[in-house]
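Q: This is the structure I have questions about; it appears just below.
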């Protein structure tokens, strides 16, 4: 999505799917260079016009390999950072209730200097309606019970009601803040840019397509060991396990329709299945599957590359950028330039009072509406 070389992905994915292995895929690419270019031809003299000096072709390959090796290392660092942050978040969510419980126990404990009193006889209490915790979304019945409680509180006094409302607002703000922090983590990972990381898959998106990476075991090395079914509103992925049976790793309804005949997938052996979903409509997805948690599309990068726009829109944007640049430099903008070109042609035309005289643009002016005035 973010790479300028992805325009070749369709052709390259077709080759990779036919060959089935990375080694064979590379053999095809280098074989093409051998058969159709001078890549493997060695220059013997300085006057040779074809080929490379000895060792240069190999060095060129090594430099390109090193380039993407460094990118892969950066991705791995980001992935490890994401896993550590998620683990830290999970640990903190478990420890917080324990700290609160110990604190409340210390406050409730009686002073040691006072004699211990005999506990009063136990009195059976009526059952209480449990309230939803700050991390749970209240159900319809819980919301109804909360409404009744609020009404009773208003009849007896407004202080408790205001406290409940403030508490709800605090919980909402905390939840939104956590969602925003988590989305920033997703944005730092190329595989979840504008998307999310889930238990067994991750996804990223642009306005036109969605990329899903479904994790598979290290034993899945060939395309024939994977089955990917894509329909306009459903996606499923299975792989062949060690016993020869098929194991389902992903199966669910898509949140929006896709163009199934234009979707593609490829296997990164022992790592993941990369699925490219072509969106039917240009929109930002909140989730890939309908049953997964939704992201906040207001917290992602909704900017569009100029190459994603049609030719007319691209031309309009380029014209606006040109006009802005000309304006800053004190030069004529596009509409002014067109008018000047027309005036230049009419300046020496038959019947013109300026015929025979040098063209002098300072003698006229053009306002933004295109009206020509004589100075």
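The values are calculated or read from the model by the stated rules, or taken from the named source; none is laboratory data. Nothing here was measured: the structure is a model prediction, and the numbers come from that model. Cβ sites come from the backbone with ideal geometry, for glycine too, and all protein chains shown count toward neighbours.
Q: So residue 294 clears everything in (1) more than 22 Å from residue 25 (Cβ to Cβ); (2) part of a strand (DSSP E or B); (3) modelled with pLDDT under 95 except one condition, right? Which one?
A: (2)
Q: Here's something else I'd like to know. I'd like to know if the stretch 215-226 contains one or more residues that are closer than 22 Å to residue 193 by Cα and out of contact with any helix residue (DSSP H, G or I) (no Cβ under 7 Å at 6 or more places or on another chain).
A: Yes.
Q: Looking only at the stretch 202-216, which residues are touching a residue at least 40 places away in the same chain (Cβ under 8 Å) and over 13 Å from residue 254 (Cβ atoms)?
A: 204, 206, 207, 208, 211, 213, 214, 215, 216
Q: Can you confirm whether residue 180 is touching a strand residue (DSSP E or B) at 6+ places or on another chain (Cβ under 6 Å), on the phi < 0 side of the Ramachandran plot and in a helix (DSSP H, G or I)?
A: Answer is no for this residue.
Q: Taking residue 330 as meeting all but one of (1) assigned by TED's automatic domain parsing to the domain that holds residue 207; (2) more than 21 Å from residue 186 (Cβ to Cβ); (3) without any contact (Cβ under 8 Å) to a residue 40 or more places away in the chain; (4) not in a helix (DSSP H, G or I), write down the number of the exception.
A: Tallying (1) assigned by TED's automatic domain parsing to the domain that holds residue 207; (2) more than 21 Å from residue 186 (Cβ to Cβ); (3) without any contact (Cβ under 8 Å) to a residue 40 or more places away in the chain; (4) not in a helix (DSSP H, G or I), residue 330 fails exactly one: (1).
Q: Another question, if that's okay. Looking at the stretch 201-212, is at least one residue over 15 Å from the mean Cα position of the chain (by Cα) and either assigned to a strand (DSSP E or B) or surrounded by fewer than 19 Cβ atoms within 10 Å (Cβ to Cβ) (or both)?
A: Checked the stretch 201-212: no residue is over 15 Å from the mean Cα position of the chain (by Cα) and either assigned to a strand (DSSP E or B) or surrounded by fewer than 19 Cβ atoms within 10 Å (Cβ to Cβ) (or both).
Q: Can you name the number of the only condition in (1) at pLDDT below 95; (2) buried (at least 19 other Cβ atoms within 10 Å of the Cβ); (3) not in a loop (DSSP other than H, G, I, E, B) that residue 224 fails?
A: (2)
Q: Could you count how many residues in the stretch 38-71 are free of Cβ contacts under 8 Å to residues at least 12 places away in the same chain, part of a loop (DSSP other than H, G, I, E, B) and either within 31 Å of the chain's Cα centre (by Cα) or surrounded by fewer than 13 Cβ atoms within 10 Å (Cβ to Cβ) (or both)?
A: Of the residues in the stretch 38-71, 7 are free of Cβ contacts under 8 Å to residues at least 12 places away in the same chain, part of a loop (DSSP other than H, G, I, E, B) and either within 31 Å of the chain's Cα centre (by Cα) or surrounded by fewer than 13 Cβ atoms within 10 Å (Cβ to Cβ) (or both).
Q: Here's a follow-up. Can you confirm whether residue 230 is in a strand (DSSP E or B) and in contact with a helix residue (DSSP H, G or I) (Cβ under 7 Å, 6 or more places away or on another chain)?
A: Criteria met by residue 230.
Q: What's the number of the condition residue 20 fails, among (1) closer than 19 Å to residue 221 by Cα; (2) loosely packed, with under 12 Cβ neighbours inside 10 Å?
A: Unmet for residue 20, out of (1) closer than 19 Å to residue 221 by Cα; (2) loosely packed, with under 12 Cβ neighbours inside 10 Å: (2).
Q: Taking the condition modelled with pLDDT of 80 or more, in contact with a helix residue (DSSP H, G or I) (Cβ under 6 Å, 6 or more places away or on another chain) and surrounded by 12 or more Cβ atoms within 10 Å (Cβ to Cβ), does residue 326 pass?
A: no
Q: May I ask you to list the residues in the stretch 234-256 that are in a loop (DSSP other than H, G, I, E, B) and surrounded by 13 or more Cβ atoms within 10 Å (Cβ to Cβ)?
A: 241, 255, 256
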